[in-house]
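**Student:** Okay, handing you the structure first.
The values are calculated or read from the model by the stated rules, or taken from the named source; none is laboratory data. What you are looking at is a predicted structure, and each value in this text was computed from that prediction instead of being measured. All Cβ positions, even for glycine, are placed from backbone atoms using ideal geometry, and neighbour counts span all protein chains on display. The area values use the complete protein model at the heavy-atom level, side chains included, leaving out ligands, DNA and RNA. Shrake-Rupley method; radii C 1.70, N 1.55, O 1.52, S 1.80 Å.
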Amino acid sequence: MPASATTGSFLPPRLLERLGGLEVVAKTVVRGFLAGSHRSPRHGAGEDFAKHRDYQQGDDIRYLDWKLFARTDRLHVREFEERSNLSAYLVLDASLSMEFADGDDPSKLRYACYVAAALAHLMLGSGDAVGLAAFGAQPQLLSPPRARRGQLHDLLLQLERLRPAGSGSAADVLDRVGGALPRGGRVVLVSDLLEDDDGDALVASAGRLRARGDEVIVMRVLTPVEAGERGGGPGLFFDPERPAREIAAVPEADAGYARRVAEYYARIADRLRERGVEYVALTTEQPVESALAAWVAARRG
Amino acid sequence: MLTLGAPLFLLAGALAALIPLALHLIRRRPPTRSPLPTARFLSEDARSSIRVSRPTDRLLMALRILLLLLAGAALARPSWAPAPRGTREVVLLDRGAAMRDSDAWRRGVEEARRTLIARDGSARGDLVVFDTSAVHLPQRRLTGATFDSLAAAGPTANPASYAAALRAIDPAVRGPRGADSVRVTMLSALRRGGWRPGMAALRQAAWPGAIRLPNVASSSPLDGAPISQAETRQSAAVIASGGAGRFVVPALEATGWTARAVDRLPAVPSDARLIVAIRPAGDLRALAQAGATVVLDLGGAGSSMPRWLPVQGSATRQRSDAGDLWFGPDLQLPGATVRADIRPKRGATVLAAWDDGRPAVVAARLGKGCVVFAGTRLEDGALPLSPSFPRALERMARACDGARTADAMMPLDAGARAILAGRGAAVVNAAADGGAGAVAFGRWLMAGALLVAIAETILAYRPRGAA
């Protein structure tokens with residue numbers, strides 16, 4: 001598949017335009033096996049230049065700006081931004097429940113792909129190494145974290161190939177990601193968090209990652225109908241991951257439905273936050289770019 | 001004011017609309033099976049309490065109810081008319097020559113005045129005065145003086161044309177608004193001269209309702225007689241004896257005469273307009289001079305040809321190789337056994353000729369009437385058995401123009417009067433004719449029902465998942 005086509009599919013121009021000026025600011029300082037760009041001899045001056053300042057005794061004369069000295073007859077040294085690279089894993093829920101869509105909105109899996117693609121674009125642009133993992137029928141580490149130029153294309157290709165299947169748990173894939181990711185990395189889980197054990201294993205796995213120094217972000221994706229924000233007519237309903245069990249109900253007339261859903265996610269969110277895991281609630285009717293922009297703005301604050 | 005031509009259809013439509021409503025309420029669609037990942041958070045209802053109704057079901061039900069209501073309303077033939085303002089009168093007043101009889105004209109004008117002028121002097125309709133053509137006097141121009149002028153002017157010498165009167169009805173009934181119904185009256189002496197073939201179709205097209213035909217001709221034999229009992233046929237007498245006349249009488253009956261055979265002259269009815277003599281009956285000249293048409297054949301003329309006949313020659317000079325009589329290219333009468341060599345007198349007219357061109361039937365006016373001499377025996381040989389025999393006799397009976405004029409002044413027969421009167425209602429709702437300010441909108445309702453039916457079909461048979 002051509003790279004341009006893939007990129008166009010997941011990163012529409014409108015999204016890129018909104019995200020172009022954003023920058024992911026990591027809260028956790030990690031040490032990457034790659035040195036910061038200002039210390040690396042491979043990094044030339046110019047791209048990461050920050051500002052000039054007056055020369056002071058003890059400064060490395062290699063950073064004196066001789067051209068400026070020739071023009072102004074004053075000594076200035078060039079300062080560079082110190083930067084460090086981290087490894088990140090984007091973990092996508094590709095279980096059958098993610099296939100659900102509400103009206104004209106994209107399915108939850110599609111929406112999760114949009115979010116993952118946007119994050120990959122941002123993080124790769126910041127020099128971070130980004131990998132991809134997914135779980136559905138079974139946990140899969142689809143692409144190890146890399147910071148090379150073609151990584152975005154590879155990630156988008158993997159996202160395109162994702163098909164919903166099975167009913168796996170996020171805990172397994174998080175554990176595998178923890179084994180494959182250096183300490184101090186970042187894990188972003190995009191899922192509907194509909195777990196059999198009410199999220200116990202998921203919370204435990206996320207806690208383990210956090211305990212070893214990883215930054216863990218859990219993005220919950222849900223449709224308005226699932227959240228109870230939009231009424232549904234009467235019918236026989238079944239969980240796509242457990243189709244044998246049917247429930248005769250009228251969601252729009254079920255006053256407790258929305259409350260129960262909210263309580264479920266509130267419990268998971270509280271337990272995640274107790275372990276230092278960041279929790280972001282998204283619905284498929286939200287524009288992806290505005291959701292991400294709000295998230296990044298919150299992290300900066 | 002809303003008027004329904006057939007209100008039962010509206011009731012039927014309303015009742016029929018209850019059927020889709022009841023079906024919609026009774027029918028239970030099996031609940032659809034839908035995936036919902038958060039189904040675990042739903043509280044389960046009893047399956048029997050789940051009643052599924054798609055939004056399109058309600059729209060379909062509304063369309064079906066609307067369709068039946070519209071169809072019922074359309075079939076009820078609704079019309080909207082202004083509030084009732086009475087009946088507008090349209091009077092067709094005959095001003096032809098026939099109205100000269102006695103005081104027919106005066107009576108006609110007075111009847112028209114009574115019909116059209118209210119007690120307060122205001123006009124309540126239109127007047128159409130006609131003879132060979134019609135003049136429409138609209139309501140706004142009618143006053144009592146109008147009728148005074150008409151009475152003083154008197155009728156014209158022209159024959160009346162009922163066709164002209166019928167054609168004037170439509171513009172007269174479509175006159176100024178202000179009444180919810182229309183009644184048409186014709187005041188005429190009703191003579192045959194005004195009637196033309198094909199008048200029935202014109203009458204039907206001219207006005208859907210009945211036309212009142214009050215009798216205004218006091219001298220008419222129809223005075224006081226209902227139409228059904230009116231004298232309609234002219235009287236004819238066939239002077240014959242010993243079984244003679246058995247062909248002529250039915251032939252005359254077939255052409256509209258009331259004929260009977262008599263054996264002598266005094267037995268001829270006084271009102272006989274036609275006398276056919278096939279045996280000598282004495283002096284028929286007086287009857288002809290009085291206005292009747294006298295037809296004589298060789299038998300009626302006898303051995304000595306009367307001098308008042310329109311021919312010269314001798315009845316004794318007869319030939320057995322008679323041949324056919326030609327009354328014109330359209331009428332040939334074959335089968336004559338004898339013929340007389342005759343010559344028409346000055347002023348006489350040859351009605352028919354033999355094959356060799358010699359005169360066969362000659363006619364001439366005599367006094368007020370007409371004398372016709374046929375140079376053969378009318379009931380001999382195969383001549384009376386010919387299909388054209390009645391028409392030939394009729395041609396002889398109408399030989400003189402004077403006779404035609406007299407016929408024109410004869411009263412209109414019952415059949416023609418019935419056609420002229422029509423079978424519709426005496427007072428016609430203006431809405432039925434689409435005039436006088438009424439609006440019939442049944443067809444628009446039917447068009448609306450058709451559109452609703454199309455919308456219902458499209459919605460009901462749309463592809464699945466389109467909704």
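**Student:** Among the listed residues B:Ala301, B:Ala281, B:Ala292, B:Ala277, which satisfies the condition of being under 15 Å from B:Gly369 (Cβ atoms), at pLDDT below 90 and of a type outside the set (Asp, Glu)?
**Tutor:** B:Ala292
**Student:** For the stretch B:97-115, which positions are at pLDDT 85 or above and more than 15 Å from B:Ala157 (Cα to Cα)?
**Tutor:** Matches in the stretch B:97-115: B:Arg106, B:Arg107, B:Gly108, B:Val109, B:Glu110, B:Glu111, B:Ala112, B:Arg113, B:Arg114, B:Thr115.
**Student:** Okay, moving on. Got at least one residue in the stretch B:175-190 being open to solvent by 40 Å² or more (accessible area, probe 1.4 Å), modelled with pLDDT of 85 or more and over 15 Å from B:Val91 (Cα atoms)?
**Tutor:** There is no residue in the stretch B:175-190 that is open to solvent by 40 Å² or more (accessible area, probe 1.4 Å), modelled with pLDDT of 85 or more and over 15 Å from B:Val91 (Cα atoms).
**Student:** List pairs: first in the stretch B:322-342 and at positive phi, second surrounded by 15 or more Cβ atoms within 10 Å (Cβ to Cβ) and among the aromatic types (Phe, Trp, Tyr), Cβ under 9 Å, 6+ apart or cross-chain?
**Tutor:** B:Gly323/B:Trp354; B:Gly335/B:Phe389
**Student:** Given the structure, is A:Ala101 of a type in the set (Gly, Ala, Ser), in contact (Cβ under 8 Å) with a residue 24 or more places away in the chain, over 29 Å from A:His153 (Cβ atoms) and open to solvent by 20 Å² or more (accessible area, probe 1.4 Å)?
**Tutor:** Answer is no for this residue.
**Student:** Going by the conditions given, is B:Pro37 within 11 Å of chain A (Cβ to nearest Cβ) and either surrounded by fewer than 17 Cβ atoms within 10 Å (Cβ to Cβ) or modelled with pLDDT of 90 or more (or both)?
**Tutor:** yes
**Student:** Would you point out the residue of the stretch A:213-255, among those that are surrounded by fewer than 19 Cβ atoms within 10 Å (Cβ to Cβ) and among the small types (Gly, Ala, Ser), that is farthest from the other protein chains (Cβ to nearest Cβ)?
**Tutor:** Within the stretch A:213-255, the match that is farthest from the other protein chains (Cβ to nearest Cβ) is A:Gly213.
**Student:** Let me ask something else. When the stretch A:151-192 is examined, which residues are found to be under 19 Å from A:Ala94 (Cα atoms) and without any contact (Cβ under 8 Å) to a residue 24 or more places away in the chain?
**Tutor:** Across the stretch A:151-192, the qualifying residues are A:Asp154, A:Arg161.
**Student:** Another question, then. Quick one: count up the residues across the stretch B:102-114 that are surrounded by fewer than 20 Cβ atoms within 10 Å (Cβ to Cβ) and either touching a Lys or Arg at 6+ places or on another chain (Cβ under 9 Å) or on the phi > 0 side of the Ramachandran plot (or both).
**Tutor:** Number satisfying all stated conditions: 1.
**Student:** When you go through (1) open to solvent by less than 20 Å² (accessible area, probe 1.4 Å); (2) away from chain B (no Cβ under 12 Å); (3) at pLDDT 90 or above one by one for A:Leu292, which number turns out not to apply?
**Tutor:** Going through (1) open to solvent by less than 20 Å² (accessible area, probe 1.4 Å); (2) away from chain B (no Cβ under 12 Å); (3) at pLDDT 90 or above one by one, A:Leu292 breaks only (3).
**Student:** Return the residues of the stretch A:171-192 that are touching a strand residue (DSSP E or B) at 6+ places or on another chain (Cβ under 7 Å) and either open to solvent by 10 Å² or more (accessible area, probe 1.4 Å) or on the phi > 0 side of the Ramachandran plot (or both); say none if nothing qualifies.
**Tutor:** A:Asp172, A:Arg176, A:Ala180, A:Pro182
**Student:** Now for a different question. So which residues in the stretch A:256-272 are within 12 Å of chain B (Cβ to nearest Cβ) and open to solvent by 50 Å² or more (accessible area, probe 1.4 Å)?
**Tutor:** A:Arg259, A:Arg260, A:Ala262, A:Glu263
**Student:** Related question: From A:Arg62, A:Arg110, grab the single residue that is open to solvent by 30 Å² or more (accessible area, probe 1.4 Å), more than 21 Å from A:Ala281 (Cα to Cα) and charged (D, E, K, R).
**Tutor:** A:Arg62
**Student:** A further question follows. Tell me, yes or no, whether the stretch A:193-205 has at least one residue that is within 12 Å of chain B (Cβ to nearest Cβ), without any contact (Cβ under 8 Å) to a residue 40 or more places away in the chain and on the phi > 0 side of the Ramachandran plot.
**Tutor:** no
**Student:** With (1) in a loop (DSSP other than H, G, I, E, B); (2) open to solvent by 40 Å² or more (accessible area, probe 1.4 Å); (3) at pLDDT below 90 as the list, and A:Gly168 as the residue in question, which single condition is left unmet?
**Tutor:** Unmet condition: (2).
**Student:** Output the residues belonging to the stretch B:262-283 that are more than 10 Å from B:Ala236 (Cβ to Cβ), of a type outside the set (D, E, K, R), surrounded by 14 or more Cβ atoms within 10 Å (Cβ to Cβ) and in contact (Cβ under 8 Å) with a residue 24 or more places away in the chain.
**Tutor:** B:Val262, B:Leu265, B:Ala277, B:Ile278, B:Ala281, listed by residue number.
**Student:** With more than 12 Å from chain B (Cβ to nearest Cβ) and at pLDDT below 90 as the only criterion, which of A:Arg183, A:Arg275 stands out?
**Tutor:** One residue alone meets the criteria, A:Arg183.
**Student:** Right, something else. Quick one: which of A:Leu132, A:Leu142, A:Leu90, A:Leu86 is at pLDDT below 90, touching a helix residue (DSSP H, G or I) at 6+ places or on another chain (Cβ under 9 Å) and more than 22 Å from B:Pro37 (Cα to Cα)?
**Tutor:** A:Leu86
**Student:** Ok, one more. When you scan the stretch A:66-99, how many residues do you find that are within 40 Å of the chain's Cα centre (by Cα) and outside any strand (DSSP E or B)?
**Tutor:** Going through the stretch A:66-99 one residue at a time, the tally reaches 12.
**Student:** I would also like to ask the following. Hey, A:Gly150 hits all of (1) under 21 Å from A:Leu194 (Cα atoms); (2) over 15 Å from the mean Cα position of the chain (by Cα) but one; which does it fall short on?
**Tutor:** Evaluating A:Gly150 over (1) under 21 Å from A:Leu194 (Cα atoms); (2) over 15 Å from the mean Cα position of the chain (by Cα) leaves (1) as the failure.
**Student:** Restricting the search to the stretch B:335-369, which residues are part of a strand (DSSP E or B) and over 16 Å from B:Ala392 (Cβ atoms)?
**Tutor:** Residues satisfying the conditions are B:Ala340, B:Asp341, B:Ile342, B:Arg343, B:Pro344, B:Ala364, B:Arg365, B:Leu366, B:Gly369.
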